[in-house]
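All remarks here apply to the structure that follows.
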Amino acid sequence: MPKLTIDELAKMRDRTRRTLVPREGGEFRAKINVHMGTCGIAAGARAVMTALIEEAERRSLQDVLLTSSGCAGLCSQEPMMTVETVGKPPVKYVNLDPAKAREILEKHVLGGSIVRDYALGVGSEKTDA
Amino acid sequence: MAEVATARTYRLHLMVCAGTGCVSNHAFELKTALEREIEKHKLENEVTVVPTGCNGFCERGPILVVQPGNVFYQQLSVKDVPHLVEEHFLKGRPVAKFMYFPPEEKTPVPVLSDIPFFKKQVLVALRNRGLIDPEKIEEAIARDGYKALAKALTEMSPEAIISEIARSGLRGRGGAGFPTGLKWQLVRNAVSPNGGAKYVVCNGDEGDPGAFMDRSILEADPHAVIEGMVIGAKAIGAAAGFVYVRNEYPLAVNRLAVALEQARAFGLLGRDILGTGFDFDIRIKRGAGAFVCGEETALIASIEGRLGEPRPRPPYPAQSGLWGKPTCINNVETWANVPVIIDRGSAWFAGIGTATSKGTKVFSLVGKINNTGLVEVPMGITLREIISDIGGGIPGGKAFKAVQTGGPSGGCIPKEQIDLPIDYESLAAAGSMMGSGGMVVMDEDTCMVDVARYFLSFTQDESCGKCTPCREGTKAMLDVLTRITEGKGVPDDIALLEDLASAIKDTALCGLGKTAPNPVLTTLRYFRDEYETHIRDRKCPAHVCRQLNIYAIDPRLCLDKGKGCDVCRRNCASEAISGSKGEAHAVLQDKCIKCGVCADVCAFGAVRVE
Ligand SMILES: Cc1cc2nc3c(=O)[nH]c(=O)nc-3n(C[C@H](O)[C@H](O)[C@H](O)COP(=O)(O)O)c2cc1C
Ligand code: FES
């Protein structure tokens with residue numbers, strides 16, 4: 001480990017900072033909740049989650065919360081996820097795969113426009129973290 | 001620069017408490033089991049397990065806090081792990097049965113910040129508790145670790161650092177509450193003989209019975225202490241420092257050693273710190289665990305390799321400390337406050353607390369209290385808030401009687417003063433002191449004479465024996481107290497105790513002796529009637545002093561409820577109980593040695609203690 005300079009210390013702080021954000025209970029701009037019931041897992045929810053995590057990692061996102069929750073009661077349309085952005089009603093997406101999930105992350109979560117093709121409906125019930 | 005191992009995105013962070021309390025409740029086994037189960041579900045790229053320092057709620061250990069969400073799990077065991085991992089970490093359904101249920105309540109409090117124990121706490125010295133792995137310097141850095149150091153080394157002159165600390169109002173957390181900025185100024189001004197070195201020392205001796213504030217800080221966030229010391233070294237012009245920590249704290253010693261090594265590797269300690277040309281290094285000195293070695297002059301002697309005995313002051317260590325050189329000695333918690341003050345500014349720090357006592361104080365809350373643990377609270381908070389709100393009151397519906405602050409050098413504050421605000425002056429006016437932060441809660445079943453005897457026997461035991469008032473005086477006081485608790489007190493004993501106390505206070509060599517009479521003096525001040533009852537009536541109102549108790553069996557209860565079960569007679573070692581199975585039993589007072597076993601074993605409450 002070479003010794004740090006003042007600048008490198010600041011850079012290291014910025015770089016490691018985001019990994020600790022989830023621990024600090026701050027505000028998130030968006031929450032993505034992947035439904036991880038037995039049905040969801042069987043239909044491929046794990047691959048959806050993995051894709052989201054990799055994407056978050058690649059883009060160094062620190063204010064998007066990835067969580068999981070139980071079955072959403074619509075087992076035939078799994079994998080599903082719910083996207084909540086600050087101040088907007090939650091949107092449920094159905095019949096997902098990794099590529100669709102990445103697209104939703106880019107267009108809806110980061111870009112702010114709902115991907116209507118994959119959306120089940122807008123304004124379903126909110127989820128708890 | 002090497003890649004940082006922790007710079008990865010995880011959707012869940014499982015913060016496993018690895019403080020001494022939880023470790024003794026198998027936290028490491030829990031951590032291993034979690035890791036194994038997470039791998040089994042192939043969640044290792046989504047969920048990370050992070051060992052942290054003490055969360056404070058040791059009573060409920062081992063503790064696991066799940067982030068984001070701040071979900072608080074407690075008293076977990078290895079066998080709970082498969083269910084928890086599958087339900088919560090895979091399927092996203094938090095498991096209520098592992099959560100915290102407040103006493104007498106049927107619904108859990110899922111989120112840490114809603115639990116009353118945590119609600120009123122304000123974390124400054126413990127700002128990183130539960131949030132970082134203390135053995136990963138990158139995590140400390142991510143939480144602004146060494147940011148203040150960079151500022152102090154590049155933007156601030158020594159005078160500016162000292163005046164910032166002075167303006168913050170920070171006072172020593174080790175006992176006496178001496179203004180830290182002033183102490184630093186004195187050491188800076190002192191001229192070292194022959195132009196030699198100056199030193200900084202961190203006092204981590206922490207000898208008060210039941211106290212574990214400093215241990216927890218070192219375990220949870222050793223970098224805060226290291227950073228504080230480097231800043232202090234720059235301010236006073238020291239090139240070397242020592243951390244004196246007791247050998248009985250293996251986890252703290254180990255984490256500190258790891259932290260020092262990492263800080264050196266990162267160029268935050270050693271030669272040319274952060275490329276600024278400033279040199280400073282720290283060594284650990286392990287103490288053997290003598291209470292008197294927490295006293296600064298004894299501690300210095302111990303670091304030098306001499307017998308850990310105090311010497312008269314002046315000269316103070318600021319003039320003549322380690323090897324006769326000007327030395328700045330501060331407590332662990334004092335040092336841990338320094339970086340935040342430099343980083344966030346003295347005005348921010350001075351905004352917390354009261355007129356004369358700024359910032360927060362860490363207390364270890366023990367004794368007859370529901371929520372035993374470590375708490376950090378703003379100065380000025382009342383005893384009632386700590387005991388009732390944070391501590392959750394007294395177990396078993398008993399009444400609160402008194403609280404001992406300041407450890408063996410402190411005093412007992414009675415229930416009438418429960419609304420006393422915690423600051424240096426109020427505690428001193430009540431006859432006690434802030435001390436280093438021990439807080440022992442006592443309920444109605446506590447005998448105050450016995451408490452005074454306990455603390456005095458501690459100081460008597462720990463007296464180094466160098467000066468006569470402390471060595472002989474505390475012994476004489478202890479003899480009187482023992483006599484009173486055994487029912488052999490005489491009316492003059494109270495006056496005798498008071499005379500001895502004031503003689504010792506006036507003439508003892510060091511703080512140990514000077515403060516040793518405090519528990520006796522405060523109990524005499526607030527609970528004099530208990531002393532009088534012991535002496536005059538030969539009775540202990542709380543029935544703690546067994547020699548003063550009379551044990552008697554209620555024949556009706558014994559027969560009606562217990563059917564003369566005979567358990568008391570069979571357990572009585574002195575054959576002091578008459579009666580045989582099926583009959584009413586009775587205590588033979590002339591044979592009774594007052595051991596109290598009959599009262600302990602009777603399942604029917606038939607043995608009365610008077
Ligand atoms: C008997 C005795 C024991 C002490 N034990 C400790 C201790 O365990 N930790 C501590 O920091 N200070 C202890 N002190 C106080 C130290 O002498 C010294 O005042 C303190 O370390 C200064 O640091 P501060 O100004 O940051 O409080 C003790 C004092 C006496 C008289
Ligand atoms: S050691 Fe875990 S809460 Fe104190």
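Can you report the number of residues in the range B:11-30 which are more than 14 Å from chain A (Cβ to nearest Cβ) and β-branched (Val, Ile, Thr)? Step through it out loud before you land on a result.
First pass over the range B:11-30, keeping only residues more than 14 Å from chain A (Cβ to nearest Cβ): B:18-30.
Keeping just the survivors that are β-branched (Val, Ile, Thr) gives B:20, B:23.
Number satisfying all stated conditions: 2.
Matching residues to (1) within 27 Å of the chain's Cα centre (by Cα); (2) surrounded by fewer than 21 Cβ atoms within 10 Å (Cβ to Cβ); (3) farther than 16 Å from residue B:448 by Cβ:
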position: B:468; (1), (2), (3): no, yes, yes
position: B:492; (1), (2), (3): no, yes, yes
position: B:497; (1), (2), (3): no, no, no
position: B:504; (1), (2), (3): yes, no, yes
position: B:513; (1), (2), (3): yes, no, yes
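Condition check ((1) away from ligand 1 (no atom under 15 Å from the Cβ); (2) of a type in the set (Gly, Ala, Ser); (3) in contact with an Asp or Glu (Cβ under 7 Å, 6 or more places away or on another chain)) across all residues:
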site: B:269; (1), (2), (3): yes, no, yes
site: B:283; (1), (2), (3): yes, no, no
site: B:296; (1), (2), (3): no, no, no
site: B:301; (1), (2), (3): no, yes, yes
site: B:304; (1), (2), (3): yes, no, no
site: B:327; (1), (2), (3): no, no, no
site: B:346; (1), (2), (3): yes, yes, yes
site: B:357; (1), (2), (3): no, yes, yes
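Filter the range A:13-27 down to the residues that are more than 8 Å from chain B (Cβ to nearest Cβ) and assigned to a helix (DSSP H, G or I), then identify the one that is modelled with the lowest pLDDT.
If we take residues in the range A:13-27 being more than 8 Å from chain B (Cβ to nearest Cβ) and assigned to a helix (DSSP H, G or I), then A:21 is modelled with the lowest pLDDT.
Identify the residue in the range B:469-501 that is small (Gly, Ala, Ser), in contact (Cβ under 8 Å) with a residue 12 or more places away in the chain and in a helix (DSSP H, G or I) and, among all such residues, is farthest from ligand 2 (Cβ to nearest atom).
Residue satisfying both the conditions and the ranking: B:476.
Output the residue which, of all residues in the range B:150-190 that are touching a residue at least 24 places away in the same chain (Cβ under 8 Å) and of a type in the set (S, T, N, Q), is nearest to the other protein chains (Cβ to nearest Cβ).
It comes out as B:154.
Which of the residues belonging to the range B:100-135 are at pLDDT below 95, among the basic types (Lys, Arg) and in a loop (DSSP other than H, G, I, E, B)?
B:106, B:120, B:129
Are any of the residues in the range B:191-214 assigned to a helix (DSSP H, G or I) and within 14 Å of chain A (Cβ to nearest Cβ)?
no
Going through A:30, A:56, A:10, A:45 one at a time, which residue ends up being more than 7 Å from every other protein chain (Cβ to nearest Cβ) and over 14 Å from residue A:82 (Cα atoms)?
The conditions single out A:10.
Does residue B:361 satisfy the criteria of being under 16 Å from the mean Cα position of the chain (by Cα), touching a residue at least 40 places away in the same chain (Cβ under 8 Å), more than 16 Å from ligand 2 (Cβ to nearest atom) and more than 14 Å from every other protein chain (Cβ to nearest Cβ)?
Judged against the criteria, residue B:361 is a match.
Please note which strands (runs of 3 or more DSSP E) are completely contained in the range B:238-287 and include at least 1 residues that are among the acidic types (Asp, Glu).
Passing ranges, in order: B:270-273, B:278-287.
Scan (1) modelled with pLDDT of 95 or more; (2) not in a strand (DSSP E or B) for the single condition residue B:442 breaks and write down its number.
Answer for residue B:442: the failing condition is (2).
Test of understanding: among B:452, B:399, B:476, B:495, which residue is aliphatic (A, V, I, L, M), out of contact with any Phe, Trp or Tyr (no Cβ under 6 Å at 6 or more places or on another chain), more than 17 Å from residue B:519 (Cα to Cα) and at pLDDT 95 or above?
B:399
Quick grid of which residues meet (1) acidic (Asp, Glu); (2) closer than 20 Å to residue A:18 by Cα; (3) in the same structural domain as residue B:37 (by TED's automatic domain parsing); (4) in contact with a Leu (Cβ under 9 Å, 6 or more places away or on another chain):
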position: B:69; (1), (2), (3), (4): no, yes, yes, yes
position: B:78; (1), (2), (3), (4): no, no, yes, yes
position: B:85; (1), (2), (3), (4): no, no, yes, yes
position: B:98; (1), (2), (3), (4): no, no, yes, yes
position: B:111; (1), (2), (3), (4): no, no, no, no
position: B:117; (1), (2), (3), (4): no, no, no, no
position: B:120; (1), (2), (3), (4): no, no, no, no
position: B:130; (1), (2), (3), (4): no, yes, no, yes
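Scanning for something closer than 20 Å to residue B:335 by Cα, more than 12 Å from chain A (Cβ to nearest Cβ) and not polar (S, T, N, Q), does the range B:103-122 turn up at least one residue?
yes
Any residue that is within 14 Å of chain A (Cβ to nearest Cβ), crowded, with 24+ Cβ neighbours inside 10 Å and not in a helix (DSSP H, G or I) - is there at least one of those in the range B:136-149?
Yes, the range B:136-149 has at least one match.
Could you please give the count of residues in the range B:21-62 that are among the hydrophobic types (A, V, I, L, M, F, W, C) and near ligand 2 (Cβ under 8 Å from one of its atoms)?
Here the count works out to 6.
Quick one: which of B:252, B:263, B:238 is modelled with pLDDT of 95 or more, within 14 Å of chain A (Cβ to nearest Cβ), at negative phi and buried (at least 23 other Cβ atoms within 10 Å of the Cβ)?
Only one candidate qualifies: B:263.
Confirm whether residue B:219 is surrounded by fewer than 24 Cβ atoms within 10 Å (Cβ to Cβ) and either at negative phi or under 14 Å from the mean Cα position of the chain (by Cα) (or both).
So residue B:219 fails the test.
Quick check: is even one residue across the range B:334-346 touching a Cys at 6+ places or on another chain (Cβ under 7 Å) and part of a strand (DSSP E or B)?
No: zero hits.
For (1) of a type in the set (Gly, Ala, Ser); (2) crowded, with 22+ Cβ neighbours inside 10 Å, each residue gets a yes or a no:
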residue	(1), (2)
B:14	no, yes
B:33	yes, no
B:61	yes, yes
B:80	no, no
B:102	no, no
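Cβ contacts < 7 Å: first residue touching a residue at least 60 places away in the same chain (Cβ under 8 Å), restricted to the range B:26-48; second residue assigned to a helix (DSSP H, G or I), any location; separation 6+ or different chain. Result?
Partner pairs satisfying both residue conditions: none exist.
Quick one: residue B:116 ticks every box in (1) buried (at least 21 other Cβ atoms within 10 Å of the Cβ); (2) within 16 Å of ligand 2 (Cβ to nearest atom) bar one, so which box is it?
Among (1) buried (at least 21 other Cβ atoms within 10 Å of the Cβ); (2) within 16 Å of ligand 2 (Cβ to nearest atom), residue B:116 violates only (1).
Would you mind finding the one in B:39, B:35 that is under 21 Å from residue A:57 (Cα atoms) and more than 16 Å from ligand 1 (Cβ to nearest atom)?
B:39
Considering B:461, B:450, which residue is among the charged types (D, E, K, R), in contact (Cβ under 8 Å) with a residue 40 or more places away in the chain and out of contact with any Asp or Glu (no Cβ under 8 Å at 6 or more places or on another chain)?
That would be B:450, the only listed residue that is among the charged types (D, E, K, R), in contact (Cβ under 8 Å) with a residue 40 or more places away in the chain and out of contact with any Asp or Glu (no Cβ under 8 Å at 6 or more places or on another chain).
The values are calculated or read from the model by the stated rules, or taken from the named source; none is laboratory data. Note that the coordinates shown come from a computational prediction; the quantities given were computed from them, not determined experimentally. Backbone-built Cβ (ideal geometry, glycine too); neighbour counts: all protein chains shown.
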